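The values are calculated or read from the model by the stated rules, or taken from the named source; none is laboratory data. The shown structure was predicted, so the numbers you read here are calculated from the model rather than taken from an experiment. Please note: Cβ atoms are built from the backbone with ideal geometry, for glycine as well, and neighbour counts cover all protein chains shown. Protein only, heavy atoms only, side chains kept; ligands, DNA and RNA dropped before computing areas. Shrake-Rupley method; radii C 1.70, N 1.55, O 1.52, S 1.80 Å.
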Amino acid sequence: MSWDLIFQHLFIVLAASLLSIAVGLPLGIWAYVSKVARPIILRIVDLLQTIPSLALLGIIMVILDPGKLTVIIGITLYSLLPIVRNTCLGLQEVDPGVKEAARGMGMSKPYRVLMVEFPLAFPTVFTGIRIAVVNAIGTAVFAAFVGGGGLGGVITQAIRIADMPLILAATGVLMIIAVALDLVMSWFENQMRKSRGGSKKMWIPVALIVAAFIALLPYGQGGTGDILLYDGDYSETQLMHHMVKMLVEDQTDLTVTIQDQMSQVNNWNALTDDSPTCDLMISYDGTLLTTFFHQDTPDVPEGMTIYEYVKEKALEDYDIHVLGRPGFENTYAIGVPEELAEEYGLETISDLIPIADQLTFGAEQEFFTTEGSMKYEPFVAFYGLNFKNHVSVDMGLKYSAIENGTFNVAVVYSTDGLNIKTGLKVLEDDLSFFPDYYGMYIVRGDLLERYPEVEDILEQLTGKISTEQMTQLTYQVDVEGRTVDDVAREFLVSQGLLDA
C-alpha cells in the first residue's frame, strides 16, 4: 500500500462525485418540474442501483476500454439515486408560500426554480451528495477488477494471501477517508440548514471538491513513457513485468512505466486494441489458445506444440510477437493436503479415482463454467472421477477455504507460492488432461519496430526461470511479505543480468 494508491482512490471518488453532481442535479430538477418525466427518471436511477457493481462495470467495459474511465462512469451511475431523489424531494419541500410569492412577483418558472427554490432546497440536495460521495469510497474498491487502480487491488491481494494486517490497514484507510469526508460535509450541511440555504454558501463544498479533484489530476492520468505495461493481479505477473522495467532501463535509455493492476483478459484487450494502452505483457501459451483465441488443444495442428501454434497465430492475426519461454509452467494443477496424500499414497490424479466419492472438490467459479474444455465436467469425465460434492469459491478465498477444510481437492496454479504455505501436494497430471501453460512475453510488433533492442533484452530471460524457481519467487512475495521489486532484483542479480 502506498500514497500513490490512496491518491488514485481519492481521484476516482472525486471524479465520479463531480460527474454524478453534474448529471444528477439536472435530472433531479427535471424530475421536479415534469410530472411526466418524474416516474421515468426515478425508476431508472432506482434500477441502476439494483445492478451488481461488477456486472455494471462489465457492461460498461464492453463499450469502453478497461481503466479509470470505466470505474468513474460506473460509480457515477451508482451515485445518481441519492442525488436525483434528494434534489427532487428538496424542491418539493420548499415552502409553498415562498413559491407563490415568487410567482406573484412575475418570476419565470426556470428563474424561480433555479434562483429561489433551489438555494432553499440545497441543504436536502447536499445530503444526497454527501451520501453519494461516502458510498463512492467503498464502491471504488471494484476498480481493481477493471484496471482502475486504487486500494481495491491491495485488498484483493491481501484477501488472497490471507494477510489480515494488510486487509485491516487498507480497510482502515478507507474508513478514515470516509469518516473525514463525512464529517466535513456534515458540518457544511448543518451550516447551510442554519442559514436556510444561500446561493453563495451552497457552492463552497462543491468548489472544495473541484479544487481537490484538480490537485489529484496527476493520479488520474494515463501512463507516460517509452514502454507501457500493466501490473498484474498476481505476484507472478508483477514479478515478470518489474523484471522488464529493471532490465530495459538498465540496458537502454528508455523509460518503462508500470500502470495499474490488470487481469490477463483485460491486459490482452488493452494490448490488441486499436488504441493500445500497453506494449507488452507476460502470458501463457495455453491462455492464448483457450482464452484469447477461443480454441482448444484439438485445434492445434498435428506436429505442432501449443507454443509453436500460438506464436504463429498471434503474429499472423494480431502482429503480436511471442518471445522465448523463460521456462516456468503455470498450468492448472490438482492439489490435495499433504496429510490426505500421505494417508492414501496420492501421487497422481488417477490415484484419486478410488476415493473420489469421499472427497469434496473446490475451485473458483470460472472452472465450473461450460466455456472451453479445461473445465470441471470435462475434467472429471476424462479421469472418471466421481466426487462426493463440488464447491465454488471466490478465487481470492480459495486457499483460506482449503485451510478451513471446506474441500479436500482443489484446482491450483502450479507456480503459486501459496501451495507451499497451505501445505498442498500437487498431483501429477498423469493422463495429460491440462494443456501447456508456459509463460512467455508477448510484444506488440510496432514496439519492436521502434525499439528492436527490447527483444534481445527480454530474450535474456529465456530458459532462466524454472517452475520451481518461480514458485519460490512467488512464495517470497505472497508468504514472506517481501516486495516485488526486491525479489525481482535479487533474482536478476543472481542470474548475472543486473549488477549487485
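Along the chain, the longest continuous region that contains none of the trypsin sites (Lys or Arg not before Pro) in a DSSP loop with at most 12 other C-beta atoms within 10 Å is 201-500. Taking 29 Å as the limit for the C-alpha separation, the pairs Lys245/Lys375; Lys375/Lys425; Lys245/Lys313; Lys68/Lys375; Lys313/Lys421 exceed it in the case of Lys245/Lys375; Lys68/Lys375; Lys313/Lys421.
Amide H contacts for Ile465 (H built 1.01 Å from N in the peptide plane; partners 5 or more residues away or on another chain; cut-off under 5 Å): Gly327, Phe328. Considered as an equivalent ellipsoid built on the Cα gyration tensor, region 301-399 has semi-axes of 32, 16, 15 Å, the largest given first.
Set the Förster radius R0 to 22 Å, insert the Cβ-Cβ distance between Leu64 and His294 as r into 1/(1 + (r/R0)^6), and round the FRET efficiency to 0.05.
Details: r = 22 Å, r/R0 = 1.01.
Calculated transfer efficiency: 0.50.
Taking every DSSP helix (H) stretch of at least 4 residues in the chain, weighting each as -39,500 (n - 2.57) and dividing the sum by the residue count yields a mean residue ellipticity at 222 nm of -17000 deg cm²/dmol. Return the carbon/sulfur percentage of the accessible area of the chain, one whole number, probe 1.4 Å, all protein chains in place. On the chain, the fraction of accessible area on carbon and sulfur atoms equals 57 percent. With a simple spin-label model that places each label point 7 Å from the Cα along the Cα-to-Cβ direction, the separation between Met107 and Ala180 comes to 3.9 nm. Highest mean packing first, where packing is the average number of other Cβ atoms within 10 Å per residue, the peptides 301-307, 233-239 line up as 233-239, 301-307.
Applying a 10 Å radius around every beta-carbon, put 261-273, 13-25 in order of their mean neighbour count, most first. Walk me through the numbers on the way to the answer.
Numbers: 261-273: 21.0, 13-25: 22.7.
In descending order of packing, they fall as 13-25, 261-273.
Applying the criteria of a DSSP loop state and at most 12 other Cβ atoms within 10 Å to the GluC sites (Glu not before Pro) of region 339-382 yields Glu347, Glu371.
Whole number in Å², please: accessible area per residue of region 385-448, 1.4 Å probe, ligands, DNA and RNA not counted. Show your work: numbers first, answer last.
Details: 2410 Å² over 64 residues.
Dividing the accessible area of region 385-448 by its residue count gives 38 Å².
Taken per residue, the accessible surface of region 308-350 reaches 46 Å², heavy atoms only and a 1.4 Å probe.
At a Förster radius of 22 Å, what calculated FRET efficiency corresponds to the Cβ-Cβ distance of Lys421 and Ser2, to the nearest 0.05? It would help to have the intermediate numbers written out before the result.
On the way: r = 25 Å, r/R0 = 1.11.
The value I calculate is 0.35.
For Glu316 and Asp46, the FRET efficiency from 1/(1 + (r/R0)^6), where r spans their Cβ atoms and R0 equals 51 Å, is about 0.55. 3J(HN,Hα) couplings calculated from phi for region 18-29 with the Karplus curve 6.51 cos²θ - 1.76 cosθ + 1.60 (θ = phi - 60°) are, in sequence order, 5, 5, 5, 5, 4, 8, x, 4, x, 5, x, 5 Hz; Gly and Pro show x. Size descriptors for the chain (Cα atoms only): Rg and Dmax, in that order, 27.2, 92 Å.
Using C-alpha pairs below 8 Å separated by at least 6 residues, the relative contact order for the chain is 15 percent.
With N the number of residues in region 61-118, Rg(Cα) / (2.2 N^0.38 Å) evaluates to 1.76. With the convex hull drawn over the C-alpha atoms of region 225-326, the volume per residue is 107 Å³. Simple spin-label estimate for Leu254 and Ala37 gives 5.2 nm between the two label positions (7 Å along the Cα-to-Cβ direction from each Cα). Applied to region 324-329, the Karplus parametrisation 6.51 cos²θ - 1.76 cosθ + 1.60 on θ = phi - 60° returns per-residue 3J(HN,Hα) values of x, 7, x, x, 7, 10 Hz, with x for Gly and Pro. Quick one: in region 1-120, what % of C-alpha pairs are over 25 Å apart? It works out to 38 percent of all Cα pairs.
Computed over every Cα-Cα pair of region 37-88 and binned at 10 Å starting from 0, the pair-distance distribution P(r) comes out as 26, 47, 25, 2 percent. Coupling constants for region 342-348 follow from the phi torsions by the Karplus curve (6.51 cos²θ - 1.76 cosθ + 1.60, θ = phi - 60°), and in residue order they are 5, 4, 10, x, 7, 10, 10 Hz; glycine and proline get x. Using every Cα-Cα pair within region 461-500, state what percent have a distance larger than 17 Å. I get 27 percent for the Cα pairs in region 461-500 exceeding 17 Å.
Give me the number: length gained by fully extending Leu54 to Asp357, i.e. 0.36 nm times residue separation minus the C-alpha to C-alpha distance, one decimal in nm.
Values: separation 303, 0.36 × 303 = 109.08 nm, distance 3.53 nm.
Using 0.36 nm per residue and subtracting the Cα-Cα distance, I get 105.5 nm.
For region 1-147, the solvent-accessible area works out to 44 Å² per residue, with a probe of 1.4 Å and every protein chain left in place. Principal axis extents of the Cα atoms in region 253-308, from largest to smallest and rounded to whole angstrom, are 42, 24, 20.
Within region 430-500, the proportion of Cα pairs with more than 18 Å between them is 56 percent.
With kT/(6 pi eta Rh) evaluated at 25 °C and eta = 0.890 mPa s, and Rh the Kirkwood radius from Cα pairs, region 382-461 diffuses with a coefficient of 149 µm²/s according to Stokes-Einstein. Compared with the alpha-carbon gap, the fully stretched path from Thr369 to Asn190 is longer by 59.2 nm at 0.36 nm per residue.
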